[in-house]
Amino acid sequence: MNTNRDEGVIKFKLTLKRAPAPEMNQVIALEKWRALFFKLGLIGEYPIEKVGFGNLSSRLPKKSFIITGSQTGHLAHLQAHHYTKVIECDLKKGSVTAEGLIPPSSESLTHYGIYEANPAIQYVFHVHHKELWEMLKNGPFDFIDDDIPYGTQEMAQAASDLLYNKTSGIFVMKGHDDGIISYGSSAEEAGRIILDLYRKLAIRQ
């Protein structure tokens, strides 16, 4: 298991084109869930390492998507300029091209891989929670092996392969401490998957 907190490190080749931030109406659904996840501690910042965790995205036409910006985990609420539009990814080259005011999340390649798995997937939510992560690791849930590091081409490809023809669900990244990803055809669907499991965990405890 990887015990290094390097969540904020971008591991792909990034081209960021300076452009206006997404419109606020494009991020309202994401921000609704992100604010809730922050309140529950599913998105935030590790206090010792000072690195943020958690990111959300929504699909746009032509293989593009809007995603939370890199190192925004410490903020309880995001404005439109904290989101970035990813317009092109290349898994083989490990490259990401984005438009906006700040770099996209370091997990952008993984989000792209998930969207590539099935065009019906419209939202991808990545959260962190130690106890929920442990529960999912030890339960009958989809997972990515612990030898695949976060934010890499290998993680993106593994996620794409794992979710081939699946429209909604959740999986755990065993090699990414506390890392959990849900996905769905709507923000409500992707969010409810995490929220329901979070509540079940609370009942068990």
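The values are calculated or read from the model by the stated rules, or taken from the named source; none is laboratory data. Keep in mind the model is a prediction, meaning the values are calculated, not measured. Cβ: placed from backbone, ideal geometry, glycine included. Neighbour counts: every protein chain shown.
In the set (1) at pLDDT below 95; (2) closer than 19 Å to Trp133 by Cβ; (3) under 18 Å from the mean Cα position of the chain (by Cα), Phe12 fails one condition alone, (2). Residue check: Gly94 meets all listed conditions (1) closer than 19 Å to Phe125 by Cβ; (2) surrounded by fewer than 18 Cβ atoms within 10 Å (Cβ to Cβ); (3) in contact with a helix residue (DSSP H, G or I) (Cβ under 6 Å, 6 or more places away or on another chain) but one, namely (1).
Kindly indicate whether any position in the stretch 112-128 is outside any strand (DSSP E or B), aromatic (Phe, Trp, Tyr) and either modelled with pLDDT of 95 or more or touching a Cys at 6+ places or on another chain (Cβ under 8 Å) (or both). Break it down into steps so the answer makes sense when it comes.
Our first condition is that a residue be outside any strand (DSSP E or B); within the stretch 112-128, this holds for 112-122.
Remaining after also requiring aromatic (Phe, Trp, Tyr): 112, 115.
Filter once more, keeping what is either modelled with pLDDT of 95 or more or touching a Cys at 6+ places or on another chain (Cβ under 8 Å) (or both): 112, 115.
Taking every residue of the stretch 112-128 in turn, at least one turns out to be outside any strand (DSSP E or B), aromatic (Phe, Trp, Tyr) and either modelled with pLDDT of 95 or more or touching a Cys at 6+ places or on another chain (Cβ under 8 Å) (or both).
Which members of the stretch 196-205 meet the condition of being surrounded by fewer than 17 Cβ atoms within 10 Å (Cβ to Cβ), in contact with a helix residue (DSSP H, G or I) (Cβ under 9 Å, 6 or more places away or on another chain) and part of a helix (DSSP H, G or I)?
If we filter the stretch 196-205 for residues that are surrounded by fewer than 17 Cβ atoms within 10 Å (Cβ to Cβ), which is where we start, we get 196, 199-205.
If we keep only those that are in contact with a helix residue (DSSP H, G or I) (Cβ under 9 Å, 6 or more places away or on another chain) as well, we get 200-201, 204-205.
Listed by number, the residues that qualify are Lys200, Leu201, Arg204.
Answer yes if at least one residue in the stretch 78-89 is in contact with a helix residue (DSSP H, G or I) (Cβ under 8 Å, 6 or more places away or on another chain), of a type outside the set (S, T, N, Q) and within 22 Å of Met173 (Cα to Cα), and no otherwise. Yes. Within the stretch 171-195, restricting attention to residues that are aliphatic (A, V, I, L, M) and over 12 Å from the mean Cα position of the chain (by Cα), the residue that is surrounded by the fewest Cβ atoms within 10 Å (Cβ to Cβ) is Leu195.
If the condition is being loosely packed, with under 13 Cβ neighbours inside 10 Å and at pLDDT below 95, then the stretch 21-69 contributes Glu23, Met24, Asn25, Pro47, Ile48, Lys50, Pro61, Lys62. Considering the stretch 138-186 alone, what residues qualify as being free of Cβ contacts under 8 Å to residues at least 40 places away in the same chain, among the aliphatic types (A, V, I, L, M) and not in a loop (DSSP other than H, G, I, E, B)? Within the stretch 138-186, Ile144, Ile170, Val172, Met173 qualify.
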